[in-house]
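Below: one structure, written as structure tokens.
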Amino acid sequence: MKRIVIKVGSSVLTETTNIAEERMLRLVSLITEARKKYEVILVSSGAVSAGYTAVKLNRTIPTSKKVLASVGQSILMSSYKNMFDIYDVTISQILLTEEDFDSKVHTRIFQDIIDRTLKHDILPIVNENDISTTPDQLFGDNDQLSAHVAYYTGADILVILSDIDGYYDSNPKDNPKAQIRKFVTQLNESELNQEHTPNSQFATGGIVTKLKAAEYLMNKDRKMFLCNGYDLTSAREFLIEGIHNKGTLFSKKKEEKKDK
């Protein structure tokens with residue numbers, strides 16, 4: 001059975017003052033369906049934004065952000081548990097930092113935990129542990145984290161569910177004729193060094209961090225698929241039906257799913 005990593009961003013999971021329950025339930029439904037075909041690892045953002053639904057602290061203050069994350073982790077996981085319980089799926093929470101991939105011992109422990117949870121039909125939900133760590137111990141965004149998780153767990157592909165439909169040939173906000181690039185086999189330095197422009201106040205990435213995640217995986221002969229997390233049609237077509245209708249596949253080789 002192939003192994004995949006699905007990463008979902010904060011903007012998909014939360015709205016200004018609440019967990020986006022309908023979107024989360026659609027995500028849970030898709031993951032449950034995908035688990036019949038793949039071993040699935042979920043990398044989930046949303047702790048800080050979930051915390052903000054309960055406590056209105058200033059996330060630009062580092063300590064306040066940690067407090068929001070500490071409050072939000074339980075809110076986020078409680079929401080996941082309630083929804084996955086509908087489908088009788090057991091979940092686990094795994095919190096990581098960048099240092100967990102720098103130490104062979106820590107990496108081996110993490111790999112063993114992932115393998116054992118999947119062996120026992122448990123869905124591992126991974127997030128960055130930004131509560132008790134220093135800035136130099138953190139990736140800073142879950143796009144980079146999910147790429148490392150995908151590589152070190154031997155996943156075949158990383159699927160990023162975002163607030164955009166894919167990677168465009170120009171900024172769709174500035175150019176109404178911008179087109180999604182369905183296949184990307186190479187990224188240049190100017191693309192990787194663009195200014196970070198997250199669309200949500202709680203997002204820490206933007207398109208650049210997704211491109212860096214894709215570059216990391218392509219350099220290791222792995223793939224990444226970027227698509228919309230608000231409307232999961234593209235993700236479902238790609239993962240379940242084997243159709244690449246919309247979204248961007250990053251791969252050294254132009255291959256993969258048939259067009260619709």
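The values are calculated or read from the model by the stated rules, or taken from the named source; none is laboratory data. In this text, all values refer to a predicted model and were calculated from it rather than measured experimentally. Here Cβ is always computed from backbone atoms with ideal geometry, including for glycine, and neighbour counts include all displayed protein chains. SASA here: full protein model, heavy atoms, side chains in, ligands and nucleic acids out. Shrake-Rupley method; radii C 1.70, N 1.55, O 1.52, S 1.80 Å.
Pairs with C-alpha atoms separated by more than 22 Å, drawn from the list LYS177/LYS223; LYS182/LYS252; LYS182/LYS212; LYS7/LYS182; LYS220/LYS253; LYS177/LYS246, are LYS177/LYS223.
Ordering ASN127, TYR152, TYR87 by Cα displacement along the dipole of region 12-160 toward the positive end leaves TYR87 in first place; charges were set at the Cβ atoms of Lys, Arg (+1) and Asp, Glu (-1). What separates the Cα centres of region 1-46 and region 84-102 is a distance of 12 Å.
Note on exposure: MET1, MET77, MET224 ranked by accessible area (1.4 Å probe, complete protein assembly) read MET1, MET77, MET224, with the most exposed listed first.
You can think of it this way: the chain between ASP174 and ASP231 has 18.3 nm of extra reach, that is 0.36 nm per residue less the Cα-Cα gap. For GLU189, the solvent-accessible surface with a 1.4 Å probe is about 120 Å², rounded to the nearest 10.
A Förster radius of 35 Å combined with the Cβ-Cβ distance from ILE86 to ASN188 puts the calculated FRET efficiency at roughly 0.20. Placing unit charges on the Cβ atoms of the charged side chains and taking the dipole of region 18-112 about its Cα centre, the candidate lying farthest along the positive direction among THR60, ALA20, ALA50 is THR60. Just to compare against my own numbers: the Cα pair-distance distribution for region 1-124, 10 Å bins, whole % per bin, please. Calculated P(r), rounded to whole percents: 12, 40, 34, 14, 0. Note: relative contact order over the chain, using C-alpha pairs below 8 Å and six or more positions apart, is 21 percent.
Ignoring everything except DSSP H segments at least 4 long, calculate the 222 nm mean residue ellipticity for the chain; use -39,500 (n - 2.57) per segment, divide by total residues, nearest 500. Using -39500 (n - 2.57) per qualifying helix, the result is -11000 deg cm²/dmol.
The figure for ARG236 is an accessible area of roughly 70 square angstrom, using a 1.4 Å probe on the protein chains alone.
Measuring r between the beta carbons of ASP221 and ILE61 and using R0 = 51 Å, the FRET efficiency lands at 0.80. Using a probe of 1.4 Å on the protein chains alone, the accessible area found for GLU15 is around 100 Å².
Only Cα pairs within less than 10 Å get springs; with that Gaussian network setup on the chain, which residue of GLN194, GLN144, GLN73 has the largest fluctuation? Comparing GLN194, GLN144, GLN73 in a Gaussian network model of the chain, the most mobile one is GLN194.
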